[in-house]
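Reviewing the structure listed below.
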Amino acid sequence: FARIRTGAMKVFAGIGVLTVGGLTVSNAAASAKLRNEKKIPKQTLIHLDLSVPLVEISPSPLAALFDRSSPMPLRTLNEIIRKAATDESVKGIICTFGAGAVPNLATAQEVRKAILDFREAQKALPPANRKFAWVAADTFGEAGQGSTQYYLASSFDKIFMQPSGLVGLIGVSMQSLFFKDFLAKIGVQAQIFNYHEYKNAGNMFTESSYTDAHREQSQRLTDGMFELLVAGVASGRGLSEERVKELVDDAPLNAKKAAAAGLVDALLYPDQVVALAKEEVSGGKAAPAGEKAGPQLISMRRYAKAVQPREESALMAMAGGGGGEGGGGGPGGIYETRMMAWGLGGAGRTACDSAGGRGGNRAPEAPSPDSMLLIGSFIRE
């Protein structure tokens, strides 16, 4: 049995060495890439791609390691936008929406606030150093619901849309599903007790349609969201709220009607908007000798890597293979299992320790000679 255990530990040790070696090579390659990404152009245009999902909670380090297109935390995005407001290298932000990408209203409010703060910060700068924030959209809503997208877009300095696009500023709607009749057909009757008539989460199983209280609550919520959208679009585009409501009644609007109504500044394709932005920054002048040609467009993710401290997470696992002394641990008894996770570069340190087993004479911090140590380092993007 001792030989089997020794052989098994050698196999695990070999796997550990290969794992650490592979992670080291991967870490070195990632570090080299990171150094290159920290170099941003002197004339930078940031591409804010809202086809990438925004999340409230940061993805795990492992998810960020294996998925380069992992969602960006909303808080991180807002912080980066505010940093860009005073960064001398940044000359502007160009935002695009992916096809069908519709942020929820709460997310749109967060990003809208960050953009408005970005624009407000420019007022304290000399006119020559002020940055712009533009939107280059293919369409708003694809002939459907584009109200939230446009609400967010209205916080930018200018809105550009391709000539074949539509503005689906059609207001707000809300729908509910009711399964009572369906459940009855299969012989199921839901029994749910509501604390109050406005506690209507269970209505989908106990009702065939809206109750008066449910309809009242939904209507008030819808009215509140609609008034929020109208006020935001009116203030962003310099229109009266009455005029915005008229446009909502007429929507969806084709590109020419949207431009004539003041909802769109110009009808341009995204690549034309980028070219116009570069011309705006350079003033039509050639780039100085030794520099790359003119302003450059970089992703928001790359800019975030350049201005944020490097966040690195490490995992350590230590498992002892021997039993405790004098405590009857026996061959193969694990007297300690310890795991640590910590972050470098200001990310803080957290540790979780647990000690157990049947051997009580050996201190938890003293691993047996045949313990195995594995350390993995993961870069979080």
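The values are calculated or read from the model by the stated rules, or taken from the named source; none is laboratory data. Not measured: the values here are computed from a predicted model. FYI the Cβ positions are ideal-geometry reconstructions off the backbone, even for glycines, and counts take in every protein chain you see. In case anyone asks, the SASA skips ligands and DNA or RNA and just uses the protein heavy atoms, side chains included. Shrake-Rupley method; radii C 1.70, N 1.55, O 1.52, S 1.80 Å.
FRET efficiency for the residue 213 to residue 265 pair, using the beta carbon distance and R₀ = 51 Å, is estimated at 0.70. Of the solvent-accessible surface of region 171-250, computed with a 1.4 Å probe over protein heavy atoms with every protein chain present, carbon and sulfur atoms account for 52 percent.
For region 171-250, a Kirkwood radius taken over Cα pairs fed into Stokes-Einstein (37 °C, viscosity 0.692 mPa s) yields D = 219 µm²/s.
Under 16 Å from a point placed 7 Å out from the Cα of residue 191 along the Cα-to-Cβ direction: which residues of region 208-247 have their backbone N that close? Correct set: none at all.
Accessible area per residue (1.4 Å probe, heavy atoms of protein chains only) ranks 44, 96, 86 as 86, 96, 44, with the largest value leading. 3J(HN,Hα) along region 150-160, derived from phi through the Karplus expression 6.51 cos²θ - 1.76 cosθ + 1.60 where θ = phi - 60°, amounts to 5, 4, 5, 4, 5, 7, 8, 4, 9, 10, 10 Hz, with x in place of Gly and Pro.
In a simple Cβ point-charge model (Lys, Arg +1; Asp, Glu -1; nothing else charged), region 171-250 has a dipole of about 340 debye relative to its Cα centre. Peptide packing for 178-187, 239-248 was compared via the average number of neighbouring C-beta atoms within 10 Å per residue; ordered from the highest value, the list is 239-248, 178-187.
If you plug the beta carbon distance of residue 89 and residue 275 into 1/(1 + (r/R0)^6) with R0 = 22 Å, you get a FRET efficiency near 0.65.
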